[in-house]
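Peer 1: Take a look at the following structure, please.
The values are calculated or read from the model by the stated rules, or taken from the named source; none is laboratory data. Keep in mind it's a predicted model, so treat the numbers as computed, not measured. Positions of Cβ are backbone-derived with ideal geometry, glycine not excepted, and every protein chain shown enters the neighbour counts. Ligands, DNA and RNA are stripped out before the accessible areas are found, and what is left, the full protein with its side chains, is counted by its heavy atoms. Shrake-Rupley method; radii C 1.70, N 1.55, O 1.52, S 1.80 Å.
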Amino acid sequence: MKANNRILFTALMLAALTAGAWAQTETASNATPAKDYSPAAAAPAPNPTPAPAVTVSDIQELKAALAAQQQQIQALKAQLASKDQSPTQSQSAVSSETQPTGVVASNLPASNSPATVATNLQETPTTKTGQNAGSSDERIRNLERQIQGIGPISFSGDVRLRAEPFFGGPADESLDRARARVRARFNAIADLGEQFRAGLTLASGDINDPTSTNQTLTGFYTRKAVALDQAFVEFKPKDFKALTLTGGKFRYPWYNTELTWDKDLNPEGAAETLAFNLNTPVLKRFALIGFQLPFAELAGTASTDKRITQAITYGGQLQTTWQLGRQVTLSAYTGYYDYRGSDAIALALARAGTKNPQTPFTGLLPLGVGNPVQDSTYTTTATNIVTVGGTAYPTGVTNITNAQFASKFGLFDSIARLDIDTGHARAPISFIGDYVQNTEACGNLPNIVADPKNTSTLTYKQTLNSPCNSHYRRGYWLEGTVGRLEKKGDLQFGYARIYIEREAVLGNFNYSDIRQGTNVSQHRFTSFYQLDKSVQLGFTALVGRPLGTTEPWLTRLQFDTIYIF
């Protein structure tokens, strides 16, 4: 009798353990909870049928079932642990109109403080970095949410529809137009273990224009081009996490406004970031950024300085973040951009406008930009001549043989950003000031190549679009915003005043939506509304005209609907 009791007790224990394991398995797999039966329904029948006797085979079956359940539990735990380790947030590509920032893929900061905001500007379409700085594209990046993909790979992207009328400007109405545009971007970020990350972005747009991913809806319904917009690898040593090394085509690793760099442009080359978060009462962050960004390979007569075989931008930036009070944070950025071999850009721009564009640069297509470039430029053209009866007649075939900027470009750029917590979560205030000076304005004049001598079949002519004045070397960007774009119902309003003298910046890499790249006075008004967690409505008005003219203001309106995934 005692043996039978022990067998029965063992059977009951195994049954209880099996039931517990089944319950754990259901919980681990997020099973639907069982129905809640009332006590009356759960009461036993008044005359229950006696349970059959428990046999040794029954016990063995219960043991086998319990072992199987335990294996299931271990497998589910391993799956959950794998999910927990997969990145749920990362960076991408989908530029702002300011990015203001990002190289492209980095871990999202743990906080939303301005100190964090400044940390890895290359990183984050998903961080709040620069929500109020620069341009609407960056705000979209900041709002994108990464979704879990396949294993360590996460995905994000956006589609923007835009209606864009122009009116005013030159008296001949040459800039009046109304167009519809679309932009599509898709990002993939992969964690490659503890120290490496890689990412790529595909984006729409004209592949010859580095400053825009917009595609105008025209061309008789032809398919629109999609190209590689970012492709990078990032290395963060596990034993020295303050250092980040990035190579490829990536988001900006330094903080900027579109006074100097358009947020749709993704530089190429290598960058190094050394950043420290500090636990002091006032100074919260200190960082040094360095970068080496080749943009053209020079060949033959492309360079007047034969020692230069690679057109490249060298630069660096010092970043600091200061806590001035409980609700006030100041971020300061000082950088220098040194463009070597920039005449390659002048020649590519000039030849892009000819009927038969040829280029001496290996693998370089004619360069297009979203706005006219107004830096002082010398252009040499050659025209074919036919002599008939002693009279010379141009054939009308004209080719660009050379083009050079009157300036070299060594830009000293200083930015200050003030973030104010108003006590209302939906109404933060930010102010941004950016001052840039070209330390090498008109510095290329001694290198301007003289016109070649005319021949019996070719006539050469050199033209200068505007005299170079070394005093016209400064640019300013002043911006203020109020509001945020994070949750449904959020609003954000902003205004930016932009003033750029002719030789201040390299005019084909900065803000592509203004009246022209340099020698311009510009106003920008913005308003954005978060219609839903993944849908944004935006309005931007750009009003500008060239400096030193009485030309009517050109007004450019942008009505946007942005879908984020």
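Peer 1: Using the Karplus equation 6.51 cos²θ - 1.76 cosθ + 1.60 (θ = phi - 60°), what ³J(HN,Hα) coupling, rounded to whole Hz, does each residue of the stretch 420-433 give in order, writing x for Gly and Pro?
Peer 2: After applying 6.51 cos²θ - 1.76 cosθ + 1.60, I find 10, 8, 7, x, 10, 4, 8, 9, x, 10, 9, 10, 10, x Hz.
Peer 1: Taking a temperature of 10 °C and a viscosity of 1.306 mPa s, what whole-number D in µm²/s does Stokes-Einstein yield for the stretch 419-512 with Rh from Kirkwood over alpha carbon pairs?
Peer 2: This corresponds to a translational diffusion coefficient of 90 µm²/s.
Peer 1: If you consider only alpha-carbon coordinates, what radius of gyration and Dmax does the stretch 218-335 have, in Å?
Peer 2: Both quantities, over Cα of the stretch 218-335: 19.0, 61 Å.
Peer 1: Another question, then. Net charge around LEU554, counting only other residues with Cβ within less than 13 Å of its Cβ (Lys, Arg = +1; Asp, Glu = -1)?
Peer 2: After counting each charged neighbour, the total is -1.
Peer 1: Out of residues 5 or more away from CYS442 or on other chains, whose amide H comes under 5 Å of its own, with H placed 1.01 Å from N in the peptide plane?
Peer 2: Sorted by chain and number, the residues that satisfy this are SER407, LYS408.
Peer 1: As a test question: what accessible area, to the nearest 10 Å², does GLU486 have when a 1.4 Å probe is rolled over all protein chains in place?
Peer 2: 60
Peer 1: Right, another one. Can you give the Kirkwood hydrodynamic radius for the stretch 480-562, in Å, rounded to one decimal and based on Cα pairs?
Peer 2: Across the stretch 480-562, the inverse of the average 1/r is 14.0 Å.
Peer 1: Extending each Cα 7 Å along its Cβ direction at LEU478 and ASN279, get the distance between those two points in nm, one decimal.
Peer 2: That separation, rounded to one decimal, is 4.1 nm.
Peer 1: Here's another thing I want to ask about it. Between the alpha-carbon centers of the stretch 221-241 and the stretch 490-565, tell me the distance in whole angstrom.
Peer 2: After rounding, the separation between the Cα centres reads 26 Å.
Peer 1: Magnitude of the Cβ-charge dipole of the stretch 450-565, K/R +1 and D/E -1, about the Cα centre, nearest 20 debye?
Peer 2: 140
Peer 1: Rank by packing, highest mean first: peptides 242-248, 187-193, 445-451, with packing defined as the count of other Cβ atoms within 10 Å averaged across residues.
Peer 2: In decreasing order of mean packing, 242-248, 187-193, 445-451 become 187-193, 242-248, 445-451.
Peer 1: Can you pull out the trypsin sites (Lys or Arg not before Pro) in the stretch 177-271 whose DSSP state is coil and whose Cβ has at most 11 other Cβ atoms within 10 Å?
Peer 2: Listed in order of number, the matching sites are ARG223, LYS238, LYS241.
Peer 1: Report the semi-axes of the equivalent ellipsoid for the stretch 151-216 in whole Å, largest first, where each axis is √(5λ) for an eigenvalue λ of the Cα gyration tensor.
Peer 2: One finds semi-axes of 38, 12, 8 Å for the stretch 151-216.
Peer 1: Report the Cα centroid-to-centroid distance between the stretch 426-441 and the stretch 173-210 in angstrom, as an integer.
Peer 2: If we compute the Cα centre of each part, the gap is 25 Å.
Peer 1: Treat the stretch 246-289 as a sphere of radius equal to its Kirkwood radius over Cα pairs and apply Stokes-Einstein at 20 °C in a medium of 1.002 mPa s; give the translational diffusion coefficient in µm²/s, rounded to a whole number.
Peer 2: Roughly 174 µm²/s, to the nearest whole number.
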